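*Asks:* Starting off with a structure, shown below.
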Amino acid sequence: MKAYLLMLVLAASLALCGCNGYLADQATKRGIQAYDNAKQAQSRGDFETANSYCRQAQQEFQTAVDYDPNGTDRHYNLARVCQDLKEHDQAIREYDQAIRYFPGNGKAHSGKIDCLVKEHAPQEQIDKAVTMAGNVVDPGRMGRIYLTQAMAYYYAGHTADMPKVLVKAAEAGPDDAYLQATVGRFYRAIGNTSLAIKHLEIAYELDSNQPGVAYDLGVLGQRLPFPPRPAASR
């Protein structure tokens with residue numbers, strides 16, 4: 001009899017878990033749609049509508065987490081919309097949960113570190129978070145995390161510490177035009193013109209349509225190389 005009751009309880013528990021998972025998935029789908037709507041409104045410059053959709057997405061993602069808190073994606077979705085709403089404390093907590101379920105989640109590490117920078121967290125706390133990310137995140141995904149660390153140094157006025165981080169960022173993304181351009185702009189901001197030109201030229205060679213790169217090189221007095229010719233059609 002006891003074994004039979006235990007089986008019934010187990011079956012009911014499994015059914016409830018399945019139901020909660022389904023409800024969480026449905027809330028996640030609604031949240032993603034609302035978040036996409038927010039981005040579209042933002043691109044049109046309609047920030048009031050974008051904020052409204054972000055709030056809707058936040059509610060849906062929170063519902064998904066409440067139904068099924070297990071897994072990295074639900075917490076990551078909630079974290080990034082909280083970050084967009086500038087609710088950085090909650091975003092950091094959710095990014096931590098996302099990292100707990102998947103330590104190698106590079107986007108979650110990057111988002112958390114960005115929030116720490118925007119909250120003017122102590123530099124030691126930011127550096128610790130970057131070190132933690134470096135221990136578990138794929139090296140090829142570390143470039144933008146190092147850029148965020150460089151930004152923290154810049155805001156704190158610790159510009160002497162920036163070059164060592166910029167070197168790591170450039171090495172992590174040698175084929176990333178955005179990353180190389182941003183490294184170049186940071187070097188320009190701290191007065192290292194030669195390295196600024198070097199990385200901006202790399203960015204231009206990787207993608208001649210990268211916004212602002214041609215202008216930045218022109219300001220630094222560089223003549224642009226001709227962009228690659230398109231392959232002849234046959």
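Please treat every number below as a calculation from the coordinates, not as lab data. These numbers come from a predicted model, not from an experiment. As a convention, Cβ positions derive from the backbone with ideal geometry for all residues, glycine included, and neighbour counts pool all protein chains shown.
*Asks:* Given +1 on the Cβ of Lys and Arg, -1 on the Cβ of Asp and Glu, and no further charges, what dipole in debye does the range 174-225 carry about its Cα centre, rounded to the nearest 20?
*Replies:* 260 debye
*Asks:* To continue, here is another question. Please give the Cα centre distance for the range 144-173 versus the range 57-113, rounded to the nearest Å.
*Replies:* Each part's Cα centre sits 25 Å from the other's.
*Asks:* Sticking with this one: Would you work out if the range 174-225 is rounded, prolate or oblate? Take a ≥ b ≥ c from the square roots of the eigenvalues of the alpha-carbon gyration tensor; rounded if a/c is under 1.5, else prolate when a/b is larger than b/c, oblate otherwise.
*Replies:* Verdict is oblate for the range 174-225.
*Asks:* Work from the charge dipole of the range 71-129 (Cβ charges, +1 for Lys and Arg, -1 for Asp and Glu, about the Cα centre) and give the residue of Leu85, Thr72, Gln125 farthest towards its positive end.
*Replies:* Looking along the dipole axis, the top candidate is Thr72.
*Asks:* Same structure, new question: Once phi is turned into θ = phi - 60°, what whole-Hz ³J(HN,Hα) does the Karplus curve with 6.51, -1.76 and 1.60 give for every residue of the range 21-37, x standing for Gly and Pro?
*Replies:* Listing the rounded values in order: x, 5, 5, 5, 4, 5, 5, 4, 4, 5, x, 5, 5, 5, 5, 4, 4 Hz.
*Asks:* So what's the back-of-envelope 222 nm ellipticity for the chain, counting only DSSP H runs of four-plus at -39500 (n - 2.57) apiece and dividing by all residues, rounded to 500?
*Replies:* Calculated at 222 nm, the ellipticity per residue is -25000 deg cm²/dmol.
*Asks:* For the chain, what relative contact order do you get, as a whole percent, if you take Cα pairs closer than 8 Å and at least 6 residues apart?
*Replies:* Relative contact order, the chain: 9 percent.
*Asks:* Under 17 Å from the Cα of Lys168, which lysines turn up, not counting those fewer than eight places away in the same chain?
*Replies:* Those lysines meeting the cut-off are Lys128, Lys198.
*Asks:* Still on this structure, I have one more. For Rg and Dmax of the Cα atoms in Å, several values are listed as [x] 22.4, 73; [y] 22.6, 86; [z] 27.8, 95; flag the one computed from this structure.
*Replies:* Looking at Rg and Dmax of the Cα atoms in Å for this model, the match is [y].
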